[in-house]
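The values are calculated or read from the model by the stated rules, or taken from the named source; none is laboratory data. In this text the structure is predicted, and so the values were computed from the model without any measurement. Neighbour counts run over all protein chains shown; Cβ positions are idealised from the backbone, glycine included.
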């Protein structure tokens, strides 16, 4: 299996990323020159490998190129710098996972890191989120008990929390389900693994419920139903799966009928539903002004009030993004940037499809490939669907989770097929 021995060792690379994290995620103007320390790591990420190829290189290069181009069209590059630094940090995370996850042990450690980061962000969100109070009133007594603080400068938007957790929850759920078929000679290890995964999932789900994002609720329910269904239907437990699925459909229908009156109060109001098309229409208009270059990262929130104000909305309202990640990418980085983002999704789903097909025919006792594919793919799909109606813009602070997710997909692909090709004597080119 290919590795990068002879190059910068993985632990030194990650040490550099860790040192740069506060500089890139919380940039302070007087200290931004330190961001140039990321250049050697970025060069290693772009050109440091010889054999690992999984299709992400070209979209990433296009994205980086458009990020540089967009700086020339930003009304103030200082406004764009925080998002540029955030994007660079995300790429450093991706490259670290992609290049230095070279074996089962490092992959497991990276998975652990992903779950711990998701749990940590969930825990922080509990105390720093501006909890909504008008959507699901029965949750208000719970959120009222949580002490909130604005030590981070401002409270976190709950929709941003929901979008972040959509990346993590499906993987956590699938790993917990697969842990019941986990093979280990030590019962204590099996029990500890299940307990850890259960605690992680509970923490994530509690935070997710409290954000009160109706779109995220619906998408998460559909995604979990889909990936769990695929897990069972693609195995020998099909009869049990059919019975369970039928029971859930009947139960859901019964609950909808019984509580129809109460459910109507949770449907988004007409004003909320009508606002997004206006935002999207305004975004499309602005994209037409700079289709090839974009207007610069992080400039939309100010430019929207001057270029194409959204009618019937106060000019004081802060639109941090276009409520659609793909439109936002086009606004920031032009249509080529949006194409690069779509390409990242297409590459990831292509790799996952091949891995899923492989997992149906081959069993790897040391790694739950099918559960990983469904968990990683479920998180990517759930967030992608959510990203059609809301957004975590490229370069936003939680965005590095997206890049870590892509890195885990790429590393899993290389791990599985490099091992297969090594057995058959075939050189793998990705």
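Suppose the filter is closer than 30 Å to residue 84 by Cα, at pLDDT below 85 and assigned to a loop (DSSP other than H, G, I, E, B); does residue 430 pass it? Spelling it out, residue 430 is indeed closer than 30 Å to residue 84 by Cα, at pLDDT below 85 and assigned to a loop (DSSP other than H, G, I, E, B). Just one of the listed residues (307, 342) is at pLDDT below 85 and within 26 Å of residue 73 (Cβ to Cβ), namely 307. All conditions but one from (1) part of a helix (DSSP H, G or I); (2) in contact (Cβ under 8 Å) with a residue 12 or more places away in the chain apply to residue 120; the one that does not is (2).
One residue alone among 343, 382 is buried (at least 22 other Cβ atoms within 10 Å of the Cβ) and more than 17 Å from residue 232 (Cα to Cα), and that residue is 382.
Among the residues examined, residue 376 does not qualify as modelled with pLDDT of 95 or more and surrounded by fewer than 23 Cβ atoms within 10 Å (Cβ to Cβ). Applying the condition of being within 23 Å of residue 16 (Cβ to Cβ), crowded, with 17+ Cβ neighbours inside 10 Å and over 22 Å from the mean Cα position of the chain (by Cα) to region 42-83 and asking which residue is modelled with the highest pLDDT yields 44.
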